[in-house]
Amino acid sequence: MAVTTPNPSAPADPRPALPAALTPQGRAWLDEATARPTAIRALFPAVRRRCGHTPLTGHRTVDEAARAVLLTALPLRGPALADELTRLHHHGDPAEQRAVLRALPLLDPGGPDGAGDLGDLALPLLREALRGNDNTLIEAALGPYAAAHLPDAVYRQAVLSCVFCEIPLDRVAGLGDRADVELARMLADFARERIVAGRAVPEDILPIVRSLASADAAALYGTDGLDGVT
């Protein structure tokens, strides 16, 4: 059973907002760099210095959008594309890693460009980010690509990790569609632990937890099992 909850996550494609945010010099450099896709390993680290890193749209920055332009210009598909993304991610600093993760929806067959043939091949990058302790990488990993490809159990655990790490759930793509009774049960357990410890329950988990006030709730907790949470 899906759970309805607001999810105003950042748009998958930040590129339309990019031209207005670049200086003439930045636009010229990016145009030249895009025409040299085989040089991406040398160009990728230079993006922040050449194009800037001011906020752009949603939770994106100019350098992330510019790096997305470079990645979507790569003449690679399938495993070759996944290998290049992995190399850029592993050799990049956190800003470069965030850019790779946030560009994944653009390289997926179901993304805005409908190109890249990436499929599930980038899932190892998501799992690596979700195992780490950098909240910005966890958030970047949980974009539309994760919503489309992460297995249910991994997606649920990732949402719970966001709650533990105090990452707002409106940063998690696809939550309105992917949240289910099992996730609600996990969050209800977390809420009870917080209540017993005398700690506040994050407000953004309550729409999901309250979804248990249904026939499923009786099966999971009994008729009064939600006392103190909802």
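Pairs meeting the criteria (first residue in the range 44-58 and of a type in the set (Ser, Thr, Tyr) and at pLDDT below 95, second residue surrounded by 15 or more Cβ atoms within 10 Å (Cβ to Cβ) and not in a helix (DSSP H, G or I), beta carbons under 6 Å, at least 6 apart or on different chains) are Thr57/Pro14.
Checking each residue in the range 59-72 for being without any contact (Cβ under 8 Å) to a residue 60 or more places away in the chain and within 23 Å of Leu123 (Cβ to Cβ) picks out Arg60, Glu64, Arg67, Ala68, Leu70, Leu71, Thr72.
Gly58 meets the stated requirement of being closer than 30 Å to Leu187 by Cβ and out of contact with any helix residue (DSSP H, G or I) (no Cβ under 8 Å at 6 or more places or on another chain). In the range 173-200, the residues that are under 18 Å from Leu150 (Cβ atoms) form Cβ pairs under 9 Å with partners that are of a type in the set (Lys, Arg) and part of a helix (DSSP H, G or I), at six or more places apart or across chains, as follows: Arg178/Arg156; Ala179/Arg156; Asp180/Arg156; Glu182/Arg156; Leu183/Arg156; Ala184/Arg210; Met186/Arg156. Report every pair of residues separated by at least 6 positions or lying on different chains whose Cβ atoms are under 9 Å apart, first residue within the range 75-96 and in contact (Cβ under 8 Å) with a residue 40 or more places away in the chain, second surrounded by fewer than 16 Cβ atoms within 10 Å (Cβ to Cβ) and among the hydrophobic types (A, V, I, L, M, F, W, C). The qualifying pairs are Arg77/Ala115. Considering each residue of the range 34-42 in turn, at least one proves to be modelled with pLDDT of 95 or more and either under 30 Å from Ile208 (Cα atoms) or surrounded by 14 or more Cβ atoms within 10 Å (Cβ to Cβ) (or both).
Table: residues versus (1) hydrophobic (A, V, I, L, M, F, W, C); (2) outside any loop (DSSP other than H, G, I, E, B).
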residue	(1), (2)
His90	no, yes
Arg102	no, yes
Leu106	yes, yes
Asp117	no, no
Asp120	no, no
Leu126	yes, yes
Ile138	yes, yes
Ala148	yes, yes
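Here Ala65 passes the criteria (1) more than 24 Å from Asp170 (Cα to Cα); (2) within 19 Å of the chain's Cα centre (by Cα) except the one numbered (1). Beta carbons closer than 7 Å, at least 6 apart along the sequence or on distinct chains, pair a first residue in the range 145-159 that is without any contact (Cβ under 8 Å) to a residue 60 or more places away in the chain and over 13 Å from Leu125 (Cβ atoms) with a second that is crowded, with 21+ Cβ neighbours inside 10 Å and among the acidic types (Asp, Glu) for Ala148/Asp108.
The rows are residues; the columns are (1) under 22 Å from Ile138 (Cα atoms); (2) crowded, with 20+ Cβ neighbours inside 10 Å; (3) of a type in the set (D, E, K, R); (4) in contact with a strand residue (DSSP E or B) (Cβ under 7 Å, 6 or more places away or on another chain).
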residue: Glu32; (1), (2), (3), (4): no, no, yes, no
residue: Phe44; (1), (2), (3), (4): yes, yes, no, no
residue: Thr61; (1), (2), (3), (4): yes, yes, no, yes
residue: Gly78; (1), (2), (3), (4): no, no, no, no
residue: Asp83; (1), (2), (3), (4): yes, no, yes, no
residue: Arg87; (1), (2), (3), (4): yes, no, yes, no
residue: His90; (1), (2), (3), (4): yes, no, no, no
residue: Gln97; (1), (2), (3), (4): yes, yes, no, no
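May I ask you to verify whether Pro144 is surrounded by 15 or more Cβ atoms within 10 Å (Cβ to Cβ) and either more than 29 Å from Arg192 (Cα to Cα) or at pLDDT below 95 (or both)?
Details: surrounded by 15 or more Cβ atoms within 10 Å (Cβ to Cβ): yes; either more than 29 Å from Arg192 (Cα to Cα) or at pLDDT below 95 (or both): yes.
Yes, satisfied.
The values are calculated or read from the model by the stated rules, or taken from the named source; none is laboratory data. Bear in mind that the values here come from a model prediction, so they are computed numbers and not experimental data. Note: ideal-geometry Cβ built from the backbone for every residue, glycine included; neighbour counts use all protein chains shown.
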